[in-house]
Structure formats: structure tokens, C-alpha cells
Amino acid sequence: MSDYVTDEMVETAAAATWNRSAREIDGCPLWDGRLPSNIRHSIRSDARAALEAAAPLIAADALRDAADAIDSNDGEISMPVGLIAVTLRARADQMEAGRG
């Protein structure tokens, strides 16, 4: 499991995905106990894969936003703030490259 994706996120995404489709089909059960476990497992697996692919990119973008926010003094970087911003951007690069 990814460090970025929790079981609760997967369950929420799976339910949202299934329920959107189920509403279009008369008599189709929503995401609840009436749904067969093999279908629930399959939908959860798909949701987890999508979330794990997207989560590092979203996190990297958030880190860059944080770096930009603390580094927004018209290009004049104080040493401690500059080091923090550089570290955040380096971490974002690692996340996007799939190395953490």
C-alpha cells in the first residue's frame, strides 16, 4: 500500500465510482452489503490503483506550492527559507519520479 493512500480513501473512491454507475441502471444495488464481495474487491482494486498513481503527483504539486509560498519574496531567498524551499522541491521531484 502506498504511503499516501489510506483504506478509507480507497473505500470512498470505490463507493463513488460504483454508485455513479449504479444510479444509471434500474435495480442495481448501491455500494452496500448486497453487492457481491468479488465485485467490491475488483472495484476497490481499481480505485486503489488510480489513487496510488495520482497521489504522489498531487503531493508533489502541494510541496511545490508550499515551496513557492515560503519562497515568494521577489527572488531574495534567505538561507534557511531557501534551503527549505530547495528541499521541498527536491522531494517533489523524487515523488514524481516514483522514488518515494
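Taking the Cα centre of the chain as origin and charging only Cβ (+1 Lys, Arg; -1 Asp, Glu), how large is the dipole, in debye to the nearest 20?
So the dipole magnitude of the chain works out to roughly 460 debye.
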- Note on the structure: The farthest towards the positive end of the charge dipole of the chain, of the residues W31, A16, I70, given +1 on Cβ of Lys and Arg and -1 on Cβ of Asp and Glu, is W31
- Treat each spin label as a single point 7 Å out from the Cα along the C-beta direction, and report the E52 to N19 distance in nm. 2.5 nm
- Degrees separating the helix 7-22 axis from the principal Cα axis of the chain, which is the longest one: 50 degrees
- Item | Projected label distance in nm at L35 and A97, using a 7 Å step from Cα toward the beta-carbon | 3.8 nm
- Note on the structure: Counting only DSSP loop positions in the stretch 1-54, the chymotrypsin sites (Phe, Trp or Tyr not before Pro) whose Cβ has at most 16 other Cβ atoms within 10 Å are Y4
- Message: I need the peptides 89-97, 38-46 ranked by packing, meaning the mean over residues of other C-beta atoms within 10 angstrom, with the highest value on top.
- Response: 89-97, 38-46
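Since every read-out is calculated from the coordinates, none of them should be taken as a lab result. Keep in mind the model is a prediction, meaning the values are calculated, not measured. When we count neighbours, we look across all protein chains shown, and the Cβ atoms used for this are built from the backbone with ideal geometry, even at glycine.
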